[in-house]
Amino acid sequence: MRFASPWFLLLLLVPLLRIWLRWRGERRRDGALAWVSAGVLEGIPRTPRARLTGLPRWLEFVGGTLLVLALARPQLDAGKEQIRLRSRNIIVALDISSSMKATDFQPGNRLMVARATLRDFVARREGDLVGLVLFSGKAFLQAPLTADMTLIGRMLDLTDIGQLPDGTAIGTALAVSINQLKQLPAASSTVVLITDGANNTGSPTLPQATEMARALGIRVHAIGLTSADTTQYDLNGVWSVRTRAAKLSKRDEETLRRVAERTGGTFARATDPAALDSVMRAIDPLERTEVPIREVRDHRELFPVVLFFGLLLLGLQAILGATWLRTVP
């Protein structure tokens, strides 16, 4: 048994204090009485009414105690229920380094296209848990695993280049992502890594983070953003300037491919928004497993019963004190 509002138990001092004050008052009155001879009363039998003279005060004490216990809301444990969810557990690690400004992906730059594709991706994740990690020269958890896809969408809308020092810390981002998944079933846990560059800063190193994921059985799906034609047009005053955006080299692609293959995932080279969307859809067949979300305990309230008996005893005390067991001060 437990009490939902245990602080009310302090009120138990009230009936105890009343009993003590009444006892002290009676002792003082008894001391003031003087009998010429007590022998006159000897031999007179005590009536039932005389024997029950103290009953009203005990009814008052027990009834008041029950009322206080009712306020504290006693509850009995009626069992527990575990809420479980069949879900995939997906951490999206998104590159927000300066190279994602490249406008070779249309419409917009690489980051804008990635954000739009990811918004569509998370909108389809009904029943899944999704988290968001952002990285450039450092990495941080933008949103922990959640079933609230609206929240993830808002976090994506707030994502922009320049939130972190520049660079590409893929190993760090992977480690942060793994930390969110390490307590969950590996069969339904994955990291979706989206980047347009090679690891060039941060710790742990990318090979070390890859081995961490492999040891935990967490798959990494690596997506390399780079278009076939990296030509971009940047405004320079009143005219546009044609430049070349950074491009994933064959070596960079091979590094990302090794990360994916080493962890049981896949590598894909997204050269346009349609290719990126098709890669994101390929994650859907990933196995779902049951994950305990929370445990709900059910309790049966006892306060109605306790309140009933408390009021019953106080009512009985009032009736007896006013009729059969009435006393004259």
**OP:** Could you tell me whether any residue of the stretch 144-154 is out of contact with any Lys or Arg (no Cβ under 8 Å at 6 or more places or on another chain) and over 18 Å from Arg88 (Cα atoms)?
**Re:** yes
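Determine, yes or no, whether Thr117 is in a loop (DSSP other than H, G, I, E, B), among the hydroxyl-bearing types (Ser, Thr, Tyr) and buried (at least 17 other Cβ atoms within 10 Å of the Cβ).
Working: in a loop (DSSP other than H, G, I, E, B): no; among the hydroxyl-bearing types (Ser, Thr, Tyr): yes; buried (at least 17 other Cβ atoms within 10 Å of the Cβ): yes.
It is false that Thr117 is in a loop (DSSP other than H, G, I, E, B), among the hydroxyl-bearing types (Ser, Thr, Tyr) and buried (at least 17 other Cβ atoms within 10 Å of the Cβ).
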**OP:** Name the residue, out of Ala209, Ala222, Ala187, that is assigned to a helix (DSSP H, G or I) and buried (at least 22 other Cβ atoms within 10 Å of the Cβ).
**Re:** Ala209
Original post:
Only one residue in Ala123, Ala102, Ala116 is in contact with a strand residue (DSSP E or B) (Cβ under 8 Å, 6 or more places away or on another chain) and of a type outside the set (Val, Ile, Thr). Which one?
Top reply: Ala102
Original post:
Can you name the residue in the stretch 97-114 that is farther than 17 Å from Ile223 by Cα and either surrounded by 23 or more Cβ atoms within 10 Å (Cβ to Cβ) or of a type in the set (Ser, Thr, Tyr) (or both) and, of all such residues, is modelled with the lowest pLDDT?
Top reply: Thr103
Subject >> Selection status of Thr243, at pLDDT 80 or above, of a type in the set (S, T, N, Q) and not in a loop (DSSP other than H, G, I, E, B) >> reply: no
Original post:
Residues of the stretch 175-211 being aliphatic (A, V, I, L, M) and modelled with pLDDT under 90, which ones?
Top reply: Leu184, Ala186, Ala187, Ala198
**OP:** Kindly indicate whether any position in the stretch 149-159 is assigned to a helix (DSSP H, G or I) and of a type in the set (D, E, K, R).
**Re:** yes
**OP:** Kindly list, by first and then second residue, each pair from a residue in the stretch 117-131 that is more than 20 Å from Pro185 (Cβ to Cβ) and without any contact (Cβ under 8 Å) to a residue 60 or more places away in the chain to a residue that is among the aliphatic types (A, V, I, L, M) and part of a helix (DSSP H, G or I), limited to pairs with Cβ atoms under 9 Å and residues at least 6 apart or on different chains.
**Re:** Arg119/Ile152; Arg119/Leu156; Val122/Met149; Val122/Ile152; Val122/Leu156; Ala123/Met149
Original post:
Of the residues in the stretch 136-148, how many are free of Cβ contacts under 8 Å to residues at least 60 places away in the same chain and either among the charged types (D, E, K, R) or assigned to a strand (DSSP E or B) (or both)?
Top reply: 8
Subject >> Exclusive hit being at pLDDT 85 or above and more than 25 Å from the chain's Cα centre (by Cα), set Leu69, Leu118, Leu94, Leu76 >> reply: Leu69
**OP:** Would you be able to say whether some residue in the stretch 22-36 is modelled with pLDDT under 75, loosely packed, with under 15 Cβ neighbours inside 10 Å and touching a helix residue (DSSP H, G or I) at 6+ places or on another chain (Cβ under 8 Å)?
**Re:** yes
Original post:
Quick one: would you say Leu174 is within 16 Å of Leu111 (Cβ to Cβ), in a helix (DSSP H, G or I) and over 18 Å from the mean Cα position of the chain (by Cα)?
Top reply: no
Subject >> Out of Thr159, Thr146, Thr226, Thr172, sole residue that is at pLDDT 90 or above, in the same structural domain as Asn109 (by TED's automatic domain parsing) and closer than 18 Å to Thr255 by Cα >> reply: Thr172
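The values are calculated or read from the model by the stated rules, or taken from the named source; none is laboratory data. Since the structure is predicted, the reported quantities are computational estimates derived from the model, not experimental observations. All Cβ positions, even for glycine, are placed from backbone atoms using ideal geometry, and neighbour counts span all protein chains on display.
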